[in-house]
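Read through the structure below, which is laid out as structure tokens, and then see the notes.
Read-outs: derived from the displayed coordinates by stated rules, not from any lab. Note that the coordinates shown come from a computational prediction; the quantities given were computed from them, not determined experimentally. Here Cβ is always computed from backbone atoms with ideal geometry, including for glycine, and neighbour counts include all displayed protein chains.
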Amino acid sequence: MPRKLQAGIRARPAPPEPVRPSALRLWLRRKRPMLRPAAKVGAVIALCGVAALGVAQLDPASRFSAAVEGATARLGERVSGLVVSEVKVEGARNTPAAQLRQALSVRAGDPVLGFSPDKARERLEAIPWIEEAEVQRHLSGLVLVKVKERQPFAIWQNNGRFAIVDREGRTVATDRLDAFGPLPLIVGAGAEKSAAPLYDLLGDAPDVKARTQALVRIGERRWNLRLHSGTDVLLPEGHEEVAIQRLAELQRQSQLLDRPMQTVDLRLPDRLVLRPAASSAAEPAATPTSARPRGRNG
């Protein structure tokens with residue numbers, strides 16, 4: 001049997017059940033070790049801010065100077081090493097080095113981020129020799145330049161002046177004309193823009209090409225061939241291919257180009273007009289052409 005309680009003694013109530021902490025408390029307990037360093041850093045930053053505010057209130061000039069120096073130091077730390085260490089150019093065989101340097105306008109030690117590849121490319125492509133340019137800027141400090149140069153095609157003579165031109169007729173150089181090897185000579189206004197197709201036709205007539213000294217543009221309409229012997233071969237306008245084939249056949253049959261002639265006129269499709277080189281010759285000889293290769297009439 002249960003014991004009877006003595007008089008004057010009260011029974012102790014049962015202890016209350018423990019209250020389960022909330023999810024927020026549990027999260028805070030887990031994060032407390034990590035929050036303590038952050039709180040310390042925040043306190044230090046706050047103290048520095050208060051100190052800086054006090055200095056700023058005392059001396060506005062000092063505040064501005066300190067801000068500039070701090071920003072400069074931070075920027076210097078961030079971009080440390082981002083300077084041009086090497087400028088490498090590929091494909092520039094004929095372009096003068098001075099023109100390349102002026103167009104690039106960058107050298108070792110310059111800030112990498114201060115260099116504009118697009119503007120440099122535009123300046124490079126304005127150089128007569130350069131057809132295309134690619135400019136790469138690397139954060140490692142390398143500036144890589146790749147250029148595609150125009151190819152020298154011929155020496156163009158016009159009004160007593162000489163220039164190197166490409167196949168499209170663009171002037172790429174006006175000096176050091178002998179530095180690019182043997183090039184065909186083209187003469188006259190408009191010759192620079194239209195000589196390439198005619199020169200290609202001569203490739204199919206090697207005997208004629210070997211004896212040709214210059215391609216001479218006449219009135220910006222038609223062509224003469226000036227031979228090494230001094231003979232002028234008059235070609236018809238718009239029918240140069242057939243005329244050159246005729247001339248090549250005449251050379252094979254009768255060695256016409258080895259004779260002393262002043263002119264060989266191929267402008268008429270049904271005859272050949274020859275003017276001898278001798279000054280005593282009275283009239284030019286006109287003979288029906290006996291060598292006419294297949295093709296359209298000249």
Give the whole-number value, in cubic angstrom per residue, of the convex hull volume spanned by the C-alpha atoms of the range 154-288.
-> 116 Å³
ARG170 versus SER116: modelled label distance in nm, points set 7 Å from Cα along the beta carbon direction = 2.2 nm
Summed side-chain charge close to VAL135 - residues other than VAL135 whose Cβ falls under 15 Å, Lys, Arg +1, Asp, Glu -1 | 0
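Just to confirm a number: summing +1 for Lys and Arg and -1 for Asp and Glu over residues other than PHE115 whose beta-carbon lies under 11 angstrom from that of PHE115, what do you get?
Residues near PHE115 contribute +1 overall.
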Size of charge dipole - the range 86-149 - debye, nearest 20, with Cβ of Lys, Arg +1 and Asp, Glu -1, no other charges | 180 debye
Anything over 23 Å Cα to Cα? Flag those among LYS88/LYS193; LYS148/LYS193; LYS148/LYS209; LYS88/LYS148, in the order listed.
-> LYS88/LYS193; LYS148/LYS209
Want the number for LYS148 to SER254: 0.36 nm per residue separation, take away the alpha-carbon distance, what's left?
-> 33.5 nm
